[in-house]
Amino acid sequence: MSKILVIYFSLTGNTKKVADAIFDALEGDKTIKTMDEAQNLDEYEPIFIGFPVHSHSVPFKTEEFIKRIPPGKKIALFSTHGSLTGSRLSREALEHASILASNSKILGTFSSRGKISLQAMEALSKSPEHKAWVEMAASAQTHPDENDLEDARSFAKWIMTLNLQS
Ligand SMILES: Cc1cc2nc3c(=O)[nH]c(=O)nc-3n(C[C@H](O)[C@H](O)[C@H](O)COP(=O)(O)O)c2cc1C
(Lines give C-alpha, C1' and ligand atoms only; values in the text may rest on other atoms or scores of the structure.)
Protein backbone atom coordinates (compact mmCIF):
# COMPACT_ATOMS: atom_id res chain seq x y z
CA MET A 1 0.00 0.00 0.00
CA SER A 2 1.52 3.37 -1.03
CA LYS A 3 1.85 6.30 1.32
CA ILE A 4 0.56 9.73 0.32
CA LEU A 5 3.32 12.34 0.16
CA VAL A 6 2.98 16.13 0.30
CA ILE A 7 6.21 17.79 -0.67
CA TYR A 8 6.80 21.52 -0.89
CA PHE A 9 9.33 24.27 -1.37
CA SER A 10 8.55 27.53 0.40
CA LEU A 11 10.79 30.54 0.92
CA THR A 12 8.42 32.81 2.87
CA GLY A 13 5.80 30.37 4.18
CA ASN A 14 2.86 30.77 1.75
CA THR A 15 3.33 27.46 -0.06
CA LYS A 16 3.89 25.79 3.32
CA LYS A 17 0.47 27.06 4.50
CA VAL A 18 -1.21 25.57 1.42
CA ALA A 19 0.79 22.33 1.80
CA ASP A 20 -0.31 22.06 5.45
CA ALA A 21 -3.97 22.57 4.45
CA ILE A 22 -3.67 19.85 1.79
CA PHE A 23 -1.99 17.54 4.29
CA ASP A 24 -4.70 18.14 6.93
CA ALA A 25 -7.45 17.24 4.45
CA LEU A 26 -5.87 13.93 3.46
CA GLU A 27 -6.98 10.69 5.07
CA GLY A 28 -4.80 7.59 5.33
CA ASP A 29 -1.10 6.92 5.56
CA LYS A 30 0.47 10.29 4.79
CA THR A 31 3.72 12.22 5.15
CA ILE A 32 4.68 15.84 4.60
CA LYS A 33 8.23 16.91 3.79
CA THR A 34 10.14 19.86 2.39
CA MET A 35 11.83 19.37 -0.96
CA ASP A 36 15.20 19.21 0.81
CA GLU A 37 14.03 16.32 2.99
CA ALA A 38 12.65 14.10 0.22
CA GLN A 39 14.82 11.10 -0.52
CA ASN A 40 13.53 7.89 -2.07
CA LEU A 41 10.11 8.45 -3.64
CA ASP A 42 9.34 4.83 -4.58
CA GLU A 43 7.00 4.09 -1.66
CA TYR A 44 4.82 7.18 -2.18
CA GLU A 45 1.71 7.72 -4.32
CA PRO A 46 0.10 10.08 -5.01
CA ILE A 47 2.67 12.83 -4.51
CA PHE A 48 1.43 16.41 -4.04
CA ILE A 49 4.16 18.84 -5.14
CA GLY A 50 4.03 22.53 -4.21
CA PHE A 51 6.23 25.49 -5.12
CA PRO A 52 6.20 29.30 -5.28
CA VAL A 53 6.26 30.94 -8.72
CA HIS A 54 9.62 32.65 -9.24
CA SER A 55 10.30 34.80 -12.31
CA HIS A 56 7.11 33.49 -13.99
CA SER A 57 8.35 29.94 -13.69
CA VAL A 58 9.30 26.97 -11.55
CA PRO A 59 12.17 27.44 -9.04
CA PHE A 60 15.29 25.46 -9.94
CA LYS A 61 15.00 23.30 -6.80
CA THR A 62 11.49 22.26 -7.87
CA GLU A 63 12.59 21.58 -11.45
CA GLU A 64 15.29 19.27 -10.14
CA PHE A 65 12.81 17.54 -7.84
CA ILE A 66 10.22 16.98 -10.58
CA LYS A 67 12.85 15.50 -12.86
CA ARG A 68 13.63 12.76 -10.35
CA ILE A 69 10.07 11.50 -9.84
CA PRO A 70 9.94 7.83 -10.89
CA PRO A 71 8.14 7.53 -14.26
CA GLY A 72 4.42 6.73 -14.16
CA LYS A 73 3.83 8.09 -10.62
CA LYS A 74 0.50 9.75 -9.93
CA ILE A 75 1.13 13.34 -8.86
CA ALA A 76 -0.71 16.60 -8.20
CA LEU A 77 0.92 20.00 -8.63
CA PHE A 78 0.19 23.18 -6.68
CA SER A 79 1.72 26.63 -6.63
CA THR A 80 1.42 30.00 -4.94
CA HIS A 81 1.99 33.22 -6.84
CA GLY A 82 1.64 36.98 -6.53
CA SER A 83 -0.10 37.43 -9.90
CA LEU A 84 -3.89 37.49 -10.21
CA THR A 85 -5.58 34.10 -10.02
CA GLY A 86 -6.35 32.74 -13.47
CA SER A 87 -4.06 35.22 -15.25
CA ARG A 88 -1.69 33.95 -17.92
CA LEU A 89 1.22 34.76 -15.59
CA SER A 90 -0.17 32.57 -12.83
CA ARG A 91 -0.85 29.65 -15.18
CA GLU A 92 2.50 29.61 -16.98
CA ALA A 93 4.55 28.12 -14.15
CA LEU A 94 2.10 25.26 -13.59
CA GLU A 95 2.11 24.61 -17.34
CA HIS A 96 5.90 24.51 -17.27
CA ALA A 97 5.87 22.16 -14.26
CA SER A 98 3.38 19.90 -16.09
CA ILE A 99 5.73 19.69 -19.08
CA LEU A 100 8.64 18.82 -16.77
CA ALA A 101 6.44 16.12 -15.21
CA SER A 102 5.32 14.63 -18.51
CA ASN A 103 6.60 11.18 -17.44
CA SER A 104 4.21 11.26 -14.48
CA LYS A 105 0.44 10.86 -14.38
CA ILE A 106 -0.79 14.32 -13.41
CA LEU A 107 -4.09 14.00 -11.53
CA GLY A 108 -4.64 17.75 -11.20
CA THR A 109 -3.24 21.18 -10.47
CA PHE A 110 -4.13 23.94 -8.02
CA SER A 111 -2.87 27.44 -7.41
CA SER A 112 -3.43 30.17 -4.86
CA ARG A 113 -2.23 33.72 -4.53
CA GLY A 114 0.46 34.35 -1.92
CA LYS A 115 1.71 37.59 -0.43
CA ILE A 116 5.02 38.87 -1.70
CA SER A 117 7.77 39.50 0.81
CA LEU A 118 8.51 43.15 1.58
CA GLN A 119 12.07 42.56 0.45
CA ALA A 120 10.96 41.25 -2.99
CA MET A 121 8.41 44.08 -3.35
CA GLU A 122 11.07 46.70 -2.60
CA ALA A 123 13.59 45.14 -4.97
CA LEU A 124 11.05 44.88 -7.81
CA SER A 125 9.68 48.40 -7.22
CA LYS A 126 13.08 49.81 -8.11
CA SER A 127 12.91 48.64 -11.73
CA PRO A 128 10.48 50.55 -14.01
CA GLU A 129 9.62 47.42 -16.03
CA HIS A 130 8.20 45.74 -12.91
CA LYS A 131 6.17 48.75 -11.70
CA ALA A 132 2.85 47.60 -13.19
CA TRP A 133 3.36 44.05 -11.93
CA VAL A 134 4.14 45.24 -8.40
CA GLU A 135 0.94 47.35 -8.38
CA MET A 136 -1.14 44.40 -9.56
CA ALA A 137 0.51 41.95 -7.15
CA ALA A 138 -0.05 44.22 -4.13
CA SER A 139 -3.56 42.79 -3.75
CA ALA A 140 -2.03 39.38 -2.98
CA GLN A 141 -0.98 40.63 0.46
CA THR A 142 -3.87 38.97 2.32
CA HIS A 143 -3.23 35.55 0.72
CA PRO A 144 -3.29 32.68 1.18
CA ASP A 145 -6.44 33.38 3.20
CA GLU A 146 -8.94 30.99 4.77
CA ASN A 147 -10.88 30.66 1.48
CA ASP A 148 -7.69 29.70 -0.36
CA LEU A 149 -6.91 27.11 2.31
CA GLU A 150 -10.43 25.72 2.13
CA ASP A 151 -10.03 25.42 -1.66
CA ALA A 152 -6.71 23.64 -1.08
CA ARG A 153 -8.45 21.13 1.23
CA SER A 154 -11.16 20.53 -1.41
CA PHE A 155 -8.45 20.06 -4.03
CA ALA A 156 -6.74 17.43 -1.85
CA LYS A 157 -9.98 15.48 -1.43
CA TRP A 158 -10.77 15.73 -5.14
CA ILE A 159 -7.33 14.42 -6.08
CA MET A 160 -7.80 11.44 -3.76
CA THR A 161 -11.08 10.61 -5.50
CA LEU A 162 -9.31 10.74 -8.87
CA ASN A 163 -6.49 8.63 -7.45
CA LEU A 164 -8.96 5.83 -6.63
CA GLN A 165 -10.51 5.98 -10.10
CA SER A 166 -7.31 5.93 -12.14
C1 LIG B 1 12.37 36.05 -6.00
C2 LIG B 1 10.87 36.03 -6.19
C3 LIG B 1 10.34 36.02 -7.48
C4 LIG B 1 8.95 36.00 -7.67
N5 LIG B 1 8.46 35.96 -8.94
C6 LIG B 1 7.11 35.90 -9.12
C7 LIG B 1 6.55 35.80 -10.44
O8 LIG B 1 7.24 35.80 -11.44
N9 LIG B 1 5.20 35.71 -10.57
C10 LIG B 1 4.37 35.69 -9.48
O11 LIG B 1 3.15 35.58 -9.66
N12 LIG B 1 4.87 35.78 -8.22
C13 LIG B 1 6.20 35.87 -8.02
N14 LIG B 1 6.72 35.95 -6.75
C15 LIG B 1 5.79 35.90 -5.60
C16 LIG B 1 5.74 34.51 -5.00
O17 LIG B 1 5.43 33.55 -5.99
C18 LIG B 1 4.66 34.46 -3.92
O19 LIG B 1 4.92 35.44 -2.95
C20 LIG B 1 4.63 33.07 -3.30
O21 LIG B 1 3.42 32.92 -2.60
C22 LIG B 1 5.78 32.85 -2.35
O23 LIG B 1 5.67 31.57 -1.79
P24 LIG B 1 6.51 31.10 -0.52
O25 LIG B 1 6.10 31.99 0.63
O26 LIG B 1 6.09 29.70 -0.31
O27 LIG B 1 7.95 31.25 -0.84
C28 LIG B 1 8.08 36.01 -6.54
C29 LIG B 1 8.64 36.05 -5.25
C30 LIG B 1 10.01 36.06 -5.08
C31 LIG B 1 10.56 36.11 -3.67
Completion exercise
When every residue in region 42-60 that is within 8 Å of the ligand (Cβ to nearest atom) and not small (G, A, S) is compared, the one nearest to P144 (Cα to Cα) is P52
Problem - Enumerated helices (runs of 4 or more DSSP H) restricted to region 70-142, each holding at least 1 residues that are closer than 17 Å to Y8 by Cβ and within 11 Å of the ligand (Cβ to nearest atom) - result: 88-100
Practice task
For residues that are surrounded by fewer than 19 Cβ atoms within 10 Å (Cβ to Cβ) and either free of Cβ contacts under 8 Å to residues at least 60 places away in the same chain or of a type outside the set (S, T, Y) (or both), tally how many sit in region 110-127.
Solution key: 10
Fill in the blank from the handout: The lone condition V18 fails out of (1) touching a residue at least 60 places away in the same chain (Cβ under 8 Å); (2) among the hydrophobic types (A, V, I, L, M, F, W, C); (3) farther than 30 Å from A132 by Cα is (3)
Handout entry: Residue under evaluation I22, criteria (1) under 17 Å from S166 (Cβ atoms); (2) at pLDDT 95 or above, criterion not met
Key = (1)
Exercise for the section: Collect the residues in region 37-58 that are within 16 Å of the chain's Cα centre (by Cα) and either crowded, with 18+ Cβ neighbours inside 10 Å or assigned to a strand (DSSP E or B) (or both), keeping them in residue-number order. Expected result: A38, P46, I47, F48, I49, G50, F51, P52, V53, H54, S57, V58
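The values are calculated or read from the model by the stated rules, or taken from the named source; none is laboratory data. These numbers were taken from a predicted model, which means no experiment stands behind them. Neighbour counts run over all protein chains shown; Cβ positions are idealised from the backbone, glycine included.
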